[in-house]
Amino acid sequence: MSDWSKDAAGRFAAQQKLKQTSDAKTIRDQNDLALHIAAIWEDLCERFRARCAEFNAEPGVEGLLSCDTKRTQELKITRKDNAGMLRGAFDARKHTIHFMGPNIGKEKAEIKIEVIEGTKLRFVDSLQRTLDPQDIVDIALIDLLQLH
């Protein structure tokens with residue numbers, strides 16, 4: 001064997017080991033995400049329900065917002081005064097939430113759920129900005145209420 005083949009084989013083996021480690025981490029991250037994704041969506045829906053109830057309890061706006069989370073993969077909030085609607089459609093396979101509404105900006109129309117640092121998860125908009133779950137709720141409701 002030549003020095004070249006010995007060196008090349010050693011580098012190739014190191015590269016393969018690094019790839020296997022990277023692939024294993026990717027699979028682990030995807031499994032963690034799959035295990036937690038339903039809970040993440042449910043938590044976001046609960047935040048919407050709580051904010052709508054909080055708003056509806058204010059004087060002068062009693063019962064204005066209706067929050068429907070009966071369907072597992074869908075969130076629907078409607079205004080009773082003008083039939084304005086906000087929809088959130090959750091895709092567990094793509095790890096995305098697609099928001100539709102009259103004032104939803106393009107950057108907030110699709111939110112991705114990503115894995116960072118093993119089990120830690122984050123929401124990211126189309127501009128790759130990290131979003132706090134409560135901010136997603138508050139911004140979406142402000143858009144629906146047209147409070148710009």
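From the list T21, T26, T96, T78, the lone residue that is under 18 Å from the mean Cα position of the chain (by Cα) and polar (S, T, N, Q) is T96.
For region 93-100, the count of residues that are open to solvent by 30 Å² or more (accessible area, probe 1.4 Å) and closer than 16 Å to L131 by Cα is at least one. Each residue in region 52-86 was checked for being open to solvent by 70 Å² or more (accessible area, probe 1.4 Å), touching a Leu at 6+ places or on another chain (Cβ under 7 Å) and not acidic (D, E), and 1 pass. Scanning region 7-56 for residues being farther than 21 Å from A92 by Cα and either polar (S, T, N, Q) or touching a Phe, Trp or Tyr at 6+ places or on another chain (Cβ under 7 Å) (or both) gives a total of 6. Of the listed requirements (1) open to solvent by 60 Å² or more (accessible area, probe 1.4 Å); (2) acidic (D, E); (3) within 26 Å of S22 (Cα to Cα), D43 misses just one: (3).
From the list V124, V137, V115, which residue is modelled with pLDDT under 85 and either over 17 Å from F48 (Cα atoms) or open to solvent by less than 80 Å² (accessible area, probe 1.4 Å) (or both)?
On inspection, the qualifying residue turns out to be V115.
The values are calculated or read from the model by the stated rules, or taken from the named source; none is laboratory data. These numbers come from a predicted model, not from an experiment. With ideal geometry, Cβ positions are generated from the backbone for all residues, glycine too; neighbour counts draw on all protein chains shown. These accessible areas exclude ligands, DNA and RNA; they are computed on the full protein's heavy atoms, side chains included. Shrake-Rupley method; radii C 1.70, N 1.55, O 1.52, S 1.80 Å.
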